[in-house]
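Right, one structure below, let's go through it.
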Amino acid sequence: MDSVKKITKMKLFLPIFSMILVMMINVIYDIASGNAPFGFFSISINNGILYGRLIDILNRGSEVAILAIGMTLVVSASAGTDISVGSVMSLSGGLCCMLLAGYGVTNVSNYAVPLWVGMLAGIAIACVCGLFNGFLVAYMNIQPMVATLILWSAGRAIGLLLCNSNIVYVRVPSFQFFGAYCGIIPTPIIIAAVCVAIASVVLKSTALGTYIQSVGINKRASRISGFNSAKIILLCYVICGLCAGIAGLVATCRIYSADTNNIGLNMELDAILAVALGGNSLGGGKFNLAGSIIGAYTIQAITTTLYALGVSSAQAPVFKAIVVILIVVIQSQPVKDYFKKLSAKKAVAKEVA
Amino acid sequence: MMVRKRKNLFLSAFLLCFLLLLAGCSNGNDAAITPKTEPESESRPDEDDIVIGISQVGSESDWRMMNTKAYMDTFTEEKGYYLIFEDGQQKQENQVKALRKFILKDVDYIVLAPIVETGWDAVLKEAQDAGIPVIIVDRNVSVEDESLYICRVGSDLMQEGRNAGEWLADYLESRGRRNEKINIVTLQGTPGSTAQIGRTSGFAEVMEKHANWNMLEYQSGDFTQAKAYEVMEYFLDTYDDIDVVISENDNMTFGAIEAIKEAGLKLGKNGDIMIISFDAVRDALLLVQKGEIMADFECNPIIAPLVEETIQKLERGEPVEKVQYIDETYFDYRMDIETLLESREY
C-alpha cells in the first residue's frame, strides 16, 4: 500500500499514467480486432531502418517535444504562453529554404549558399523572433498572449513573402538527412534527444532553472532578492524562439521543402497542451521539463492511435479533444483531492476495524 | 538609473528597427508577388474596353502561377480587355474585399477563383444587384441561389476520378490481373474540397463495377506532402499487401513515395505498389517518366481561353452553359514524357 502511495505521489506519475492510458487503448483495440495484442509495441528493422508504431510516435513527436522545452520555460517564467512558435517554425524553415534555393527559385538540387548558412540563418531569425517576443513581455509588460499574437499572425506571412508565396523545394540529400534517417534511427529523434539532453543538463547544472521558477512564482520578490527578472524572462523567450527554429528546420527537412502555409500549423496549441499534460501549471512558477516531454509524445501517441482506430482525419480533432479532456480532468486538483479523501477514508475505516 | 534608461532606449531602437525591417520586407516584395496589379496612373481603360476583375486564390503552386499567367496572356489590352487582377493570398476575406472593389469600380465582368466553396452568397448578391455577371472558375461555390453567378468554368474533377479508375481497370486487364484481388488505399485531399469530393466519388463509381477491387481505407492527407507521408507510413504499418495507392494530388504523392521507399518497397509496374496521382505538375511527370508514378491525371490550369470564349458569347448576347468543363488529358509511364514535357509550359 505504501509503495503504491509512493508511486502515485511521484511528480511524473500522472503524465506517465496518461501515456500508458493512451497506449492501452491501442492494446485493447488490437485484441478486440484480433491482431497480435502487443503489435503496437513491436519494433523491427525493415530495409535497414527501424520500423514500428512506437518509432513513428517518437519520430513524429520530435517537433512538439522540441517546442515543449521552450514553452515550459516560457510558461514557468512569465505565466503566459508563446503562441507564435508555429508561425516562427514556418518562418525559420522559409528563410532557410529561400537562402538555400535563392530568392524566387522554387526547385533546386544544388545549394545556392552552403547548408550551414541557411540553417544558421533559420535558427537566427527564430531567435530574433524570440527576442522580439521577450522584449515585449519582459520590458514592455505586455501580456504574453497579446505580445506573441503579433508574430503568430506575421511570422507565417513573412515566411510566405520570403518564399514568394511558393513551396520551395530543396532536393539535396544532405538537406533531407535531417528529416530522414541517420543509420537506422530517424534523425529527428536524435535531434529531439540532443535538445532535451542539453536543456536538462543546463537546467540541472546551473541555477537557471531555479531562477526561472522563482521569477515565475513572484517576479517582484525575485527582483528584490537580486535577480534581473526581466532579463530572465527575455532569455526564456529567446530559448523558446531557438526551439521553434530547430523544430521548424526539422519539419522543413522532413519534406525537403518550405511549405510555409502548413509547416507548424496549429503546433503552438500542441506545445501548450504538452506543457499542460506534463502536469505543469499554466499559471507559472514550478515546472517539470520531463513531464512536458512526456506530454508531447502523449499528444503524438493520441494522433497515431486515432489513425489506428480508423478515425477519419476530419473527425479526429473531436476524439483528440475527448482524450485530452479526460487526461486534463484526471490531473486536475479537485479530482486529485477527491482521490486523496477517498484513500484517507479507507485508511480511517481500516483503523476503526 | 541612467544606465537603465539608456538600455531601454537601445531596446526601443532595436524594436523600431525590427518593425521597419518587417515593413520594408512587405513593401519590397509586394510588387514581386502580385503579377500585375492594376496600373493606378499609367493607363485607364478605353471607353470600349471590356473591364474584367479577376480575384485569384493566391500563388501557392506552379499550377496556380500557370493558371494566373494564362489569364494575363489571354486578356491583353491589344485584344481590347482591361484586366484588374487581385491576389487573395489564400484568404477568403481578401477575395471578398477584391469583389467589393470590383463592384465599386463597376467592372464589366468578375472572374472569381474561390478558395472555399461556402460563404459567397452575400457578396455575389451585391454583384448581381450591381448588374455585374460573375464567372466562377476552377473550384466550385455552393450558394443557395445558383442564379447569383452566370456559369462555372473549370475541371471536371469527377471525370478525372473516373478516368483514373478506368485507366486502372484497363491496365489490370492488360496485365491479366482482372480477377485477382486488388487492395487499394486512398490518400484523400482536404475533406470537403471540390477536388476531394470529385476525385473520390469519380473513382468510387468505377470501383463499384469491379468486385475484385478492395478499398482498404480512405484517409485524408490534407493535400500536403508532410501529412501524406505520415498517413502512408501508417498505411504501410497496418496493411501488408497494398497493391494500389490513389493519391488525390501530386504533393501527397511525393510524400507517399518517400514513405514507400523508406519501407523498402518497390514502385512501378514490376514493383510492390502502384501509385496513381492527380494534377500532373512537372516534378510529378518526371517521376512518371521514371516509372515511379504509374499514371498522373491532369488538372489543366489553362482555363483562361474558355473563360474568354464565354465572355465573348455573353458580349454577343448568346446563352452560355451553366457548367463548362475544360479538356484534360493524362500521362502514364508508357508515354514518351520527355517529348510531351517539351511542348508543355508548366
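The values are calculated or read from the model by the stated rules, or taken from the named source; none is laboratory data. A quick note: this is a predicted structure, and the numbers were derived from the prediction, not measured. All Cβ positions, glycine included, derive from the backbone under ideal geometry; neighbour counts span all protein chains shown.
Numbers at a glance
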| quantity | calculated |
| --- | --- |
| Filter result for the condition that a residue is over 23 Å from B:I260 (Cα atoms), surrounded by fewer than 20 Cβ atoms within 10 Å (Cβ to Cβ) and of a type in the set (V, I, T), over B:I197, B:I132, B:I136 | B:I197 |
| Test for A:I167: is it surrounded by 17 or more Cβ atoms within 10 Å (Cβ to Cβ) and either within 13 Å of A:S87 (Cα to Cα) or not assigned by TED's automatic domain parsing to the domain that holds A:S229 (or both) | no |
| Any pair with Cβ under 6 angstrom, 6 or more apart, that starts in the range B:62-85 at a residue that is away from chain A (no Cβ under 14 Å) and ends at one that is part of a loop (DSSP other than H, G, I, E, B) and modelled with pLDDT of 90 or more | B:A70/B:I302; B:Y81/B:F75; B:L83/B:F75 |
| Some residue of the range B:253-266 being under 25 Å from A:F41 (Cα atoms), facing chain A (nearest Cβ under 9 Å) and touching an Asp or Glu at 6+ places or on another chain (Cβ under 7 Å) | yes |
| Candidates B:D250, B:D283 - the one that is surrounded by 24 or more Cβ atoms within 10 Å (Cβ to Cβ), over 22 Å from A:L309 (Cβ atoms) and not hydroxyl-bearing (S, T, Y) | B:D250 |
| Failed condition for B:Y234, given (1) surrounded by 23 or more Cβ atoms within 10 Å (Cβ to Cβ); (2) of a type in the set (F, W, Y); (3) within 12 Å of another protein chain (Cβ to nearest Cβ) | (1) |
| Filtered residue count, the range B:78-134, keeping only those that are of a type in the set (D, E, K, R), touching a Ser or Thr at 6+ places or on another chain (Cβ under 7 Å) and within 20 Å of B:I311 (Cβ to Cβ) | 1 |
| Per-region count, the range A:243-286, residues among the basic types (K, R), assigned to a loop (DSSP other than H, G, I, E, B) and under 22 Å from A:A101 (Cβ atoms) | 0 |
| Every pair of residues 6+ apart whose Cβ atoms lie under 8 Å, when the first sits in the range B:192-204 and is on the phi > 0 side of the Ramachandran plot while the second is of a type in the set (A, V, I, L, M) and surrounded by fewer than 18 Cβ atoms within 10 Å (Cβ to Cβ) | B:G192/A:A314 |
| Boolean, A:K6 is among the charged types (D, E, K, R), surrounded by fewer than 11 Cβ atoms within 10 Å (Cβ to Cβ) and outside the structural domain of A:Y297 (by TED's automatic domain parsing) | yes |
| Any hit, the range A:148-156, residues being of a type in the set (S, T, Y), under 23 Å from the mean Cα position of the chain (by Cα) and crowded, with 19+ Cβ neighbours inside 10 Å | yes |
| Residues being surrounded by fewer than 19 Cβ atoms within 10 Å (Cβ to Cβ) and in a loop (DSSP other than H, G, I, E, B) - total across the range B:80-100 | 3 |
| Boolean, B:G264 is surrounded by fewer than 22 Cβ atoms within 10 Å (Cβ to Cβ) and touching a Gly at 6+ places or on another chain (Cβ under 9 Å) | yes |
| Neighbours by Cβ (under 6 Å, 6+ apart or cross-chain): first from the range B:146-175, assigned to a loop (DSSP other than H, G, I, E, B); second surrounded by 20 or more Cβ atoms within 10 Å (Cβ to Cβ) and not aliphatic (A, V, I, L, M) | B:S155/B:C299 |
| Answer residue from the range B:199-220, given it is of a type in the set (S, T, Y) and not in a helix (DSSP H, G or I) and is farthest from the other protein chains (Cβ to nearest Cβ) among those | B:Y218 |
| Filter result (assigned to a helix (DSSP H, G or I) and out of contact with any Gly (no Cβ under 7 Å at 6 or more places or on another chain)) within the range A:177-193 | A:F177, A:F178, A:G179, A:I189, A:I190, A:I191, A:A192, A:A193 |
| Among the candidates A:G155, A:G86, A:G130, A:G80, residue that is closer than 22 Å to A:L273 by Cα, touching an Asp or Glu at 6+ places or on another chain (Cβ under 6 Å), in the same structural domain as A:D270 (by TED's automatic domain parsing) and among the small types (G, A, S) | A:G86 |
| Every residue from the range A:22-36 that is more than 16 Å from B:D237 (Cβ to Cβ) and surrounded by fewer than 17 Cβ atoms within 10 Å (Cβ to Cβ) | A:M24, A:I28, A:I31, A:A32, A:G34 |
| Residues located in the range A:45-70, provided they are more than 9 Å from chain B (Cβ to nearest Cβ), of a type outside the set (G, A, S) and buried (at least 21 other Cβ atoms within 10 Å of the Cβ) | A:I57, A:L58, A:E63, A:V64, A:I66, A:L67, A:I69 |
| Among (1) in contact with a strand residue (DSSP E or B) (Cβ under 6 Å, 6 or more places away or on another chain); (2) surrounded by fewer than 22 Cβ atoms within 10 Å (Cβ to Cβ); (3) within 18 Å of A:G264 (Cα to Cα), the one test that A:Y181 misses | (3) |
